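A.B. asks: My questions will all concern the structure given below.
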Amino acid sequence: MRIGGLVKQSLLDYPNHIAAVVFTTGCNFRCGYCHNPALVLPQLYSQSDSVSVQEVLSFLSSRVGWLDAVVITGGEPTLHPHLPEFIASVKALGFRVKLDTNGTNPLMLQHLVDLGLVDFIAMDIKHVLTAEQYSRVIGLTVERTSAMLESITASIDIIGSSGLPHEFRTVILPNVHTPCDKALMALQLKGSSEYRVTSFREGETVGDYMLEGSTLYA
């Protein structure tokens, strides 16, 4: 499993817990607003702070009793076939695990839930669940996006029925999301009370490398 970064302590990424944050490399989306281009774009992988699995586990071993949890984010963690083994090693040290995902791999997600390997799941909802709208955010063609939507919907159902603490979240983008879109997204989540929206913030993004110019959502 390729790890592109490690934050050794965070008070923000896992509600009510002190956590380390592990960033996996690689993503099947190209969201222009994403602030982790070195984890998303293959031509930039060499710019990420590559860390071995053993280094991460060694660090976590030294923080038993000091940290409560580990957040696994990306990139998209569920693309990595060895994710269950890595999480099992983390859990064996006594840590809670929070997984951040875009929901495109429901088979992996269900596997992790069935094995009891995750304690909290956060899933990004990019837009209203139509190929035309979703593709505007994830940077893929409508055709490729359409093929992914069934998986995304399946992941929403898995998370909602898992019984685990969870949240769905959307970054609201200027000139992309409307107030009506926000209402529709909430409805498509079956009225989930665990839905959070945040605003786009400026900074280096994937879009800087994919489009001429630096402003995607102005």
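The values are calculated or read from the model by the stated rules, or taken from the named source; none is laboratory data. Worth saying up front: this structure is predicted, and the values here are computed from it rather than measured. Here the Cβ positions follow ideal geometry from the backbone for every residue, glycine too, while neighbour counts run over all protein chains shown.
A.B. asks: Only one residue in LEU173, LEU189 is touching a Gly at 6+ places or on another chain (Cβ under 8 Å), within 15 Å of LYS126 (Cα to Cα), touching a residue at least 60 places away in the same chain (Cβ under 8 Å) and surrounded by 11 or more Cβ atoms within 10 Å (Cβ to Cβ), so which one is that?
C.D. replies: The conditions single out LEU189.
A.B. asks: In the list SER62, SER146, SER58, which residue meets the criterion of being surrounded by fewer than 20 Cβ atoms within 10 Å (Cβ to Cβ), closer than 20 Å to LEU11 by Cα and without any contact (Cβ under 8 Å) to a residue 24 or more places away in the chain?
C.D. replies: The match here is SER62.
A.B. asks: Moving to a separate point now. Given the residues PRO77, PRO81, PRO42, which is the only one that is surrounded by fewer than 16 Cβ atoms within 10 Å (Cβ to Cβ) and modelled with pLDDT of 95 or more?
C.D. replies: PRO81
A.B. asks: Please go through the range 119-146 and pick out each residue that is in a helix (DSSP H, G or I) and in contact with a strand residue (DSSP E or B) (Cβ under 9 Å, 6 or more places away or on another chain). Quick ask: steps written out before the conclusion?
C.D. replies: Quick first cut of the range 119-146, residues in a helix (DSSP H, G or I) only: 131-138, 142-146.
The one that is in a helix (DSSP H, G or I) and in contact with a strand residue (DSSP E or B) (Cβ under 9 Å, 6 or more places away or on another chain): VAL137.
A.B. asks: Determine if the range 130-144 includes at least one residue that is in contact with a Ser or Thr (Cβ under 7 Å, 6 or more places away or on another chain) and closer than 23 Å to VAL97 by Cβ.
C.D. replies: Looking for residues that are in contact with a Ser or Thr (Cβ under 7 Å, 6 or more places away or on another chain) and closer than 23 Å to VAL97 by Cβ, one finds none in the range 130-144, hence no.
A.B. asks: Still on this model: Within the range 163-211, count every residue that is under 17 Å from THR104 (Cβ atoms), modelled with pLDDT under 95 and hydroxyl-bearing (Ser, Thr, Tyr).
C.D. replies: Result for the range 163-211: 0.
A.B. asks: Need pairs with beta-carbon distance below 9 Å; first residue closer than 19 Å to SER199 by Cα and within the range 111-133, second assigned to a loop (DSSP other than H, G, I, E, B) and polar (S, T, N, Q); sequence gap 6+ or separate chains.
C.D. replies: MET123/ASN102; ASP124/ASN102; LYS126/ASN102
A.B. asks: Same structure, new question: Quick check on my filter: what residues within the range 3-39 are surrounded by fewer than 18 Cβ atoms within 10 Å (Cβ to Cβ) and touching a residue at least 40 places away in the same chain (Cβ under 8 Å)?
C.D. replies: Across the range 3-39, the qualifying residues are LEU6, LYS8, GLN9, SER10, PRO15, ILE18, ASN28, ARG30, HIS35.
A.B. asks: Do we have any residue at all in the range 9-17 that's modelled with pLDDT of 95 or more and closer than 25 Å to ASN105 by Cα?
C.D. replies: So far as the range 9-17 goes, yes, one or more of its residues are modelled with pLDDT of 95 or more and closer than 25 Å to ASN105 by Cα.
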